[in-house]
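The values are calculated or read from the model by the stated rules, or taken from the named source; none is laboratory data. Being a predicted model, the structure only gives us computed values, none of them experimental. Cβ placement follows ideal geometry from the backbone for every residue including glycine, while neighbour counts extend to all protein chains displayed. We work out accessible area using only protein heavy atoms, side chains counted, and drop any ligands, DNA or RNA first. Shrake-Rupley method; radii C 1.70, N 1.55, O 1.52, S 1.80 Å.
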Amino acid sequence: MTSTYRRPNLAIDQQLALRTAASHLAREFDGTFGMETIERFLLSSYDEFAGRAVILNYLPLLAERFARQRLRALAKVEGKGGDEGVPVVLFLCTHNAGRSQMALGFFTHLAGDGAVAWSGGSDPAGRINSSAVAAMSERGIDVSGEYPKPWTDEIVRAADVVVTMGCGDACPVFPGRRYLDWELDDPAGLTVDDVRPIRDDIERRVRGLLAELGVATRA
């Protein structure tokens, strides 16, 4: 491995963790992307989270997960992916902490392997909304392992449908994408009781979208 990770602001353990993450991604995307591209995406993903991280030990893992998503999106854009014909939906809100995460949870749970969903925010929060996590848990869907993240150009370009929820002019607009705007209350600062109606509205909308896409939903 090169000296790519020898930055003044990176501790030794962070450098080692990033090298390990790069090795994971290199094996996964062998034959699709070279190490230079993988390292570029990994480090830019790391930098994205570093400025607002609560627990530094999690940074390399978050960077690896986000870089993996971005590389899959880039592979789809460049026609290198193996999931042609599988619809991709991107859910966007302001903080990627409540509405878009609940939509992602429902979509992934209901669609299974029939479709792909991602989420992002124009101004990502530091953590997932705890009331949204609790409300989704009541429906048997665990979103506690998700994390607020931004949208990137390749992720938007890879999406067939972009669903926006309150991010207004900050939401990206790319030609050739289908855009839907869902008017939903922001669950930030709300109790679980107040979030439940928002959750149920999101589930109804997600089921409707899956039906439009012709994706069979799991029971």
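In the list 198, 141, 155, which residue meets the criterion of being of a type in the set (Val, Ile, Thr), surrounded by 15 or more Cβ atoms within 10 Å (Cβ to Cβ), farther than 19 Å from residue 66 by Cα and in contact with a Lys or Arg (Cβ under 9 Å, 6 or more places away or on another chain)?
On inspection, the qualifying residue turns out to be 198.
Suppose we filter 40, 70, 52 for residues that are out of contact with any helix residue (DSSP H, G or I) (no Cβ under 6 Å at 6 or more places or on another chain) and touching a residue at least 24 places away in the same chain (Cβ under 8 Å); which single one remains? Steps first, answer last, please.
Numbers: 40 fails: touching a residue at least 24 places away in the same chain (Cβ under 8 Å); 70 fails: out of contact with any helix residue (DSSP H, G or I) (no Cβ under 6 Å at 6 or more places or on another chain).
Step by step, each of 40, 70, 52 is checked, and only 52 is out of contact with any helix residue (DSSP H, G or I) (no Cβ under 6 Å at 6 or more places or on another chain) and touching a residue at least 24 places away in the same chain (Cβ under 8 Å).
In the set 166, 214, 208, 114, which member is over 14 Å from the mean Cα position of the chain (by Cα), at positive phi and surrounded by fewer than 16 Cβ atoms within 10 Å (Cβ to Cβ)?
214
Checking residue 108 against (1) under 12 Å from the mean Cα position of the chain (by Cα); (2) surrounded by fewer than 22 Cβ atoms within 10 Å (Cβ to Cβ); (3) in a loop (DSSP other than H, G, I, E, B); (4) of a type in the set (S, T, N, Q): exactly one of these is not met. Which one?
(3)
Looking only at region 1-33, how many residues end up being open to solvent by 20 Å² or more (accessible area, probe 1.4 Å), assigned to a loop (DSSP other than H, G, I, E, B), at pLDDT below 90 and not hydroxyl-bearing (Ser, Thr, Tyr)?
6
This table checks each residue for (1) over 23 Å from residue 170 (Cα atoms); (2) among the charged types (D, E, K, R); (3) surrounded by fewer than 23 Cβ atoms within 10 Å (Cβ to Cβ).
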{"residue": "69", "(1), (2), (3)": "no, no, yes"}
{"residue": "80", "(1), (2), (3)": "yes, yes, yes"}
{"residue": "90", "(1), (2), (3)": "no, no, no"}
{"residue": "97", "(1), (2), (3)": "no, no, no"}
{"residue": "118", "(1), (2), (3)": "no, no, no"}
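Among the numbered criteria (1) more than 19 Å from residue 156 (Cα to Cα); (2) open to solvent by 30 Å² or more (accessible area, probe 1.4 Å), which one does residue 46 miss?
Only one criterion in (1) more than 19 Å from residue 156 (Cα to Cα); (2) open to solvent by 30 Å² or more (accessible area, probe 1.4 Å) is unmet by residue 46, namely (2).
Mind checking which pairs have a first residue in region 174-195 that is part of a loop (DSSP other than H, G, I, E, B) and a second that is surrounded by fewer than 16 Cβ atoms within 10 Å (Cβ to Cβ), Cβ under 9 Å, 6 or more apart or different chains?
From residues that are part of a loop (DSSP other than H, G, I, E, B), the pairs are 174/153; 185/194; 185/197; 187/194.
Mind checking which residues of region 123-140 are touching an Asp or Glu at 6+ places or on another chain (Cβ under 9 Å) and not in a helix (DSSP H, G or I)?
124, 128, 139, listed by residue number.
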